[in-house]
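Right, one structure below, let's go through it.
The values are calculated or read from the model by the stated rules, or taken from the named source; none is laboratory data. Only a predicted model underlies this, so the values are computations on that prediction, with no experimental measurement involved. Don't worry about glycine lacking a Cβ; one is built from the backbone with ideal geometry, like all the others, and counts go over all protein chains shown.
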Amino acid sequence: MTATISSLRSEDRLYIGGQWEKPSNDRQIEVVSPATEKVVATVPEPTPDDIDRAVGRARDAFDNGPWSTLAPSERAAALHRIADEIEARMPEANFTFTEEGGATTHTSSAFNANAVMFWRGAADAIASVQHTSTRDSGDGTNAEISKVPMGVAALITPWNASLANASVKMAPALAAGCTVVVKPAPEAPVANYVLAEAIEAAGLPDGVVSILPAGREVGEHLVSHPEVDKVSFTGSSAAGARVMSLASNDIKRVTLELGGKSPGILTDDVDLDAVLPNLLAAGYGHSGQVCVAITRILVPRSIHDDAVERAAAILRSLTIGDPHSPDTVIGPLIAERQRARVENYFAIGKDDGATLVTGGRRPDHLGRGWYVEPTLFANARPDMRIAREEVFGPVITVLPYDTEDEAVAIANGTEFGLAGCVFAGDIERAKSIARRIDSGQVGVNTAFSNFSLPFGGFKQSGIGREGGGAAIDNFLETRVLLGL
């Protein structure tokens with residue numbers, strides 16, 4: 001029988017190059033529960049000097065160690081071992097995500113299952129990468145075309161799904177043969193210690209992996225480090241622009257997975273009772289703190305009021321509270337500053353003239369914790385900030401439209417293009433509309449993204465793709481040998 005986990009671990013060491021080491025100073029990161037507002041753990045706060053140690057070991061391991069020259073099958077076996085070790089630690093990983101990240105128990109288990117999928121998917125995809133091929137050069141000689149690992153990869157991940165976000169970057173980077181330095185966000189660092197222990201148990205060579213949760217200053221030092229060859233970043237579009245700027249000083253290769261304001265288009269022949277529960281869940285899941293959240297619902301003007309009434313009834317029925325309770329659907333936001341941001345958008349929506357239908361306040365029965373009610377705005381216009389800007393909270397906006405062309409224009413009328421969906425009674429009609437949406441993934445009669453397939457955004461939602469076998473290419477360079 002698995003023992004019940006009732007508290008987070010605290011740590012006093014950093015995972016640098018596969019070794020547990022003391023930090024270069026005694027500063028600590030306090031981990032605060034979003035549900036109780038209490039400090040529940042502490043971990044060391046690394047400095048730029050600690051980053052230098054990690055990058056130096058990653059550089060040496062890449063240039064002189066065995067990892068980059070291992071046969072793909074050997075790297076695949078190591079990635080499967082990491083997946084095995086994560087699975088063995090899943091009860092702790094799930095508890096940790098809920099305790100430090102505020103995710104409900106359902107969200108924790110679902111997101112962490114994705115983490116295992118990323119490791120196994122990258123391991124299985126290694127064999128499909130054509131690492132070396134030969135072709136006629138056209139001049140009587142042959143050319144050898146090979147894909148080789150880029151080198152040292154800096155991986156910067158957000159707080160909203162620590163284990164999954166680290167895994168979706170680490171797995172393909174390691175599969176490609178890179179060495180990695182991971183800089184997770186400081187708001188939810190403990191899950192990364194669970195991951196580090198899994199990697200240690202899997203037996204990777206020294207220097208291949210470092211994991212150092214830290215803040216922006218340390219992250220910028222890592223991005224700017226001259227020994228880093230590749231940067232992969234997940235976060236806001238504004239932060240992504242800063243990362244891209246810093247990386248450009250050395251022409252580093254960059255992958256960016258950034259923000260979203262994803263649309264869900266309904267046609268006039270949909271069954272609202274069948275569609276709305278799943279569509280809304282794709283907007284309020286993890287309290288809306290997901291880049292692919294479907295937060296704009298576009299409906300024909302003729303059914304706008306009916307759709308709004310039904311959607312509001314669903315949102316009012318959701319249980320808000322302790323994320324550890326299996327009955328809870330809406331947990332807290334990650335931090336007090338995030339709640340303040342979301343509450344500011346409540347005011348912005350009303351000031352711009354949208355109709356606040358339900359929510360827009362803190363729950364009366366929860367005196368502690370960074371909670372807000374799931375919120376619905378209606379009768380919104382496409383130019384309203386509530387309909388254009390990423391809120392990162394459980395805030396859904398309904399916009400009426402008159403024609404399919406207008407719906408497509410509204411859907412594409414923001415700076416983002418990460419995800420989206422189209423629901424129609426006629427599947428061919430749904431597919432026709434979906435093909436006109438400028439987003440990296442668009443669901444046809446489904447609202448949820450698929451992270452086992454290439455995932456990324458158009459426009460300011462990012463550069464490059466994660467997920468699926470194509471993600472390994474993000475960490476490979478092409479080399480051509482001539483005159484063979």
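General observations
- For ILE5, the stated conditions do not hold, so it cannot be described as assigned to a strand (DSSP E or B) and within 24 Å of ASN160 (Cα to Cα).
- Counted as qualifying within the stretch 228-284 are the strands (runs of 3 or more DSSP E) with 1 or more residues that are surrounded by fewer than 23 Cβ atoms within 10 Å (Cβ to Cβ), namely 253-257.
- Any chance GLY367 is at pLDDT below 95 and either within 23 Å of the chain's Cα centre (by Cα) or closer than 19 Å to ALA103 by Cα (or both): yes
- When ARG341, ARG296, ARG337 are screened for being closer than 30 Å to SER232 by Cα, without any contact (Cβ under 8 Å) to a residue 40 or more places away in the chain, within 26 Å of the chain's Cα centre (by Cα) and outside the structural domain of ASP229 (by TED's automatic domain parsing), only ARG337 passes.
- Set THR267, THR234: member being under 28 Å from GLU415 (Cα atoms), among the hydroxyl-bearing types (Ser, Thr, Tyr) and in the same structural domain as PRO34 (by TED's automatic domain parsing): THR234
- The set of residues from the stretch 141-171 being touching a helix residue (DSSP H, G or I) at 6+ places or on another chain (Cβ under 6 Å), part of a strand (DSSP E or B) and not aliphatic (A, V, I, L, M) comprises PRO149, THR157.
- Pick from the stretch 189-211, criterion under 18 Å from the mean Cα position of the chain (by Cα) and not in a helix (DSSP H, G or I), ranking: farthest from PHE62 (Cα to Cα): PRO189
- The requirement of being buried (at least 24 other Cβ atoms within 10 Å of the Cβ), in contact with a helix residue (DSSP H, G or I) (Cβ under 8 Å, 6 or more places away or on another chain) and either free of Cβ contacts under 8 Å to residues at least 12 places away in the same chain or of a type in the set (Gly, Ala, Ser) (or both) is fulfilled somewhere in the stretch 469-484, by at least one residue.
- Selection of the stretch 81-94 for residues being assigned to a helix (DSSP H, G or I) and surrounded by 15 or more Cβ atoms within 10 Å (Cβ to Cβ) yields ARG81, ILE82, ALA83, ASP84, GLU85, ILE86, GLU87, MET90, GLU92, ALA93, ASN94.
- Within the stretch 106-140, tally of residues that are more than 30 Å from TYR284 (Cβ to Cβ) and either outside any loop (DSSP other than H, G, I, E, B) or modelled with pLDDT of 90 or more (or both): 12
- Taking residues in the stretch 231-259 that are without any contact (Cβ under 8 Å) to a residue 24 or more places away in the chain, and partners anywhere that are among the acidic types (Asp, Glu) and surrounded by fewer than 21 Cβ atoms within 10 Å (Cβ to Cβ), the pairs with Cβ atoms closer than 9 Å and at least 6 places apart or on different chains are ARG242/GLU220.
- Applying a threshold of 8 Å to beta carbon distances and a minimum spacing of six or more residues, or different chains, the list of pairs starting in the stretch 314-325 at a residue that is free of Cβ contacts under 8 Å to residues at least 12 places away in the same chain and ending at one that is of a type in the set (D, E, K, R) and part of a loop (DSSP other than H, G, I, E, B) reads THR319/ASP327.
- Of all residues in the stretch 141-160 being modelled with pLDDT under 95 and among the small types (Gly, Ala, Ser), the one that is nearest to the chain's Cα centre (by Cα): SER146
- Single residue of the stretch 17-65 satisfying the filter (small (Gly, Ala, Ser) and not in a loop (DSSP other than H, G, I, E, B)) that is surrounded by the fewest Cβ atoms within 10 Å (Cβ to Cβ): GLY56
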